Every structure is written in C-alpha cells, then in structure tokens.
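The values are calculated or read from the model by the stated rules, or taken from the named source; none is laboratory data. Everything numeric in this text was worked out from a predicted model, so none of it was measured. For neighbour counting, all protein chains shown are included, and Cβ atoms are generated from backbone atoms with ideal geometry for every residue, glycine included. Heads up: the accessible areas ignore ligands, DNA and RNA and are worked out on the full protein's heavy atoms, side chains in. Shrake-Rupley method; radii C 1.70, N 1.55, O 1.52, S 1.80 Å.
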Amino acid sequence: MAGESAAGELGVPAGVPERREYLFKVLVIGELGVGKTSIIKRYVHQLFSQHYRATIGVDFALKVINWDGKTLVRLQLWDIAGQERFGNMTRVYYKEAVGAFVVFDVTRASTFDAITKWKSDLDSKVFLPSGGPIPAILLANKCDQKKENSMQSPSQMDHFCKENGFVAWFETSAKDNVNIDDAARCLVENILQNSKDFPVEENDVSSVQLEREPLTAESKSLCC
Ligand code: GTP
Ligand code: MG
C-alpha cells in the first residue's frame with residue numbers, strides 16, 4: 001500500500017495517529033417475542049413497529065460505531081429466533097461470538113424464567129480465548145409497559161446478574177428508545193477490554209482489525 005511505513009502495521013504513515021477497526025460478532029438471544037428484532041431495528045435503523053413477525057432461524061444487521069477518534073467498531077448483530085432454543089442450531093450460530101445480549105420481556109415472567117436456560121446454553125457453546133464466558137448483558141425489555149411489581153427490584157436484578165454471570169443489566173424499550181445505546185456501549189467496552197487482554201489473530205473472522213478505509217455509512221444491513 002502506498003505510504004506504508006515502519007510506523008504502523010496498518011500502513012499508517014509516521015505522525016498520523018493509528019486508527020483501529022474492529023469487527024465483533026454479537027448475539028441477541030431470548031424467548032419468542034421478547035423484542036430482540038425490535039431492539040436491533042431501533043439500534044441500527046431508529047425504527048419501531050408494533051407488528052410482530054417471528055424471526056425464522058437467524059437475521060443479521062451491522063451497526064458501525066465511531067467509538068473514539070481512533071477506533072471504529074463494527075458490530076455484527078446476530079438476531080436469533082426465540083424458537084431456536086428448542087432446535088440444534090445455536091451451537092452453529094454462537095460460534096466465534098464475542099458478546100451477547102440476553103433479552104426478556106418485563107410483562108411476561110416466563111421469559112425471565114427462561115433466561116438461565118439461554119445463559120447456560122450460551123456458556124456451554126462459546127468461550128473467550130481464556131476459556132471464560134463471553135460478556136453478556138441482560139436486557140429487561142418493554143419497560144414502557146412495566147406495571148408495578150411486574151419485575152424484580154434493582155437489587156434483586158443485581159444479585160441475579162452476579163449469580164448468573166451477566167456483566168450488567170438494563171431496562172430497555174425498543175418502542176421508546178430507552179437505554180439501548182447505553183447497553184450497547186457497555187457491551188462494547190467489555191468486548192474491547194477482552195480484545196486487549198487477548199489480542200486478535202490476523203485471520204480471526206469474529207474479531208479482526210480491518211484494513212484502513214474511509215468512514216462511510218452509519219449503519220447498514222447484511223443479508224443472509
Ligand atoms: P422472535 O423473532 O419470535 O424470537 O421475537 P423477537 O424477540 O424478535 O420479538 P420482536 O422484536 O419481533 O417483538 C415482538 C413484539 O413485541 C412486536 O409486536 C413488537 O412490536 C413488540 N415490542 C418489542 N419491543 C417492544 C417494546 O420495547 N415495547 C413494546 N410496548 N412492545 C415491544
Ligand atoms: Mg425476531
């Protein structure tokens with residue numbers, strides 16, 4: 001590449017601050033109808049629809065985050081159908097993921113009860129290079145519909161997260177756009193921390209430093 005020098009592996013000329021680009025595979029899992037697709041649509045496209053159309057298998061979306069002046073993060077979001085918990089494909093879908101959102105619906109207790117099953121499925125099928133679990137964030141979605149006592153107290157939720165190995169939890173609403181950006185920022189912080197502890201390998205497809213290229217679209221969709 002023209003301008004390549006000894007200053008940087010990415011071909012950054014001396015004196016120009018090195019820019020890092022990452023691609024992270026992030027899973028979004030949880031029971032049927034909890035709002036996984038809606039959260040992704042809100043986060044990536046700033047859209048919300050009341051209309052429910054169940055995801056079949058898996059869908060994908062890409063969110064590009066200008067993390068700081070020198071870091072670009074591409075989040076490849078894997079929107080896994082709730083019905084997949086009863087199928088055999090999660091092992092394939094989880095492969096090489098570096099982070100996860102596990103979602104429940106605050107208006108349906110049964111979806112919270114299923115969280116431990118999703119989390120143990122996750123932790124038994126995908127690992128960090130250290131062998132530890134990938135960072136997972138618990139999302140209590142549809143908080144716009146929350147009724148009194150419909151959810152555990154914040155301290156109970158903190159305790160639940162500690163017990164079950166979640167790095168954090170957030171009340172979210174895809175409808176009213178509550179806390180989705182904050183939850184994503186928290187997950188990316190954790191993933192970046194892990195990628196410092198375990199520098200990515202050149203051919204690692206889930207978490208790679210990409211060639212330098214101009215910043216373009218804010219976000220776009222991938223097709224499967
Ligand atoms: P599967 O693909 O079947 O696993 O479901 P999903 O988790 O992707 O759920 P989806 O995003 O399709 O949402 C299911 C229904 O909940 C839809 O009718 C959405 O409009 C609604 N919904 C999702 N998020 C919210 C929210 O934050 N608040 C409210 N009030 N409704 C929501
Ligand atoms: Mg869906």
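Structure notes:
- Among the trypsin sites (Lys or Arg not before Pro) in the stretch 145-191, those placed in a DSSP loop whose Cβ has at most 11 other Cβ atoms within 10 Å are Lys147.
- Cross-link table Lys25/Lys196; Lys119/Lys146; Lys162/Lys196; Lys119/Lys175; Lys25/Lys175; Lys95/Lys142, entries beyond 27 Å C-alpha to C-alpha: Lys95/Lys142
- Of every Cα-Cα pair in the stretch 87-151, the percent that sits beyond 20 Å: 36
- Extension gain from Asn88 to Glu163, taking 0.36 nm per residue of separation minus the Cα-Cα distance: 24.3 nm
- Heavy-atom accessible area per residue - the stretch 62-200, 1.4 Å, Å²: 48
- Listed residue (Ile56, Gly69, Phe166) projecting farthest to the positive dipole end of the stretch 8-167, Cβ model: Ile56
- Accessible-area composition of the stretch 89-173, carbon plus sulfur, in percent [1.4 Å probe]: 51
- Trypsin sites (Lys or Arg not before Pro) lying in DSSP loop within the stretch 15-53, provided at most 15 other Cβ fall within 10 Å: Arg53
- If R0 equals 22 Å, the separation of the Cβ atoms of Gln156 and Asp181 corresponds to a calculated FRET efficiency of about 0.30.
- Here the dipole of the stretch 78-159 is about 140 debye; that uses its Cα centre as origin and unit charges on the Cβ of Lys and Arg (positive) and Asp and Glu (negative).
- Translational D in µm²/s for the stretch 33-149 (Stokes-Einstein at 4 °C, 1.567 mPa s, Kirkwood Rh from C-alpha pairs): 83
- With a cut-off of 11 Å between beta carbons, the residues surrounding Cys143 carry a summed charge of 0, where Lys and Arg count +1 and Asp and Glu -1.
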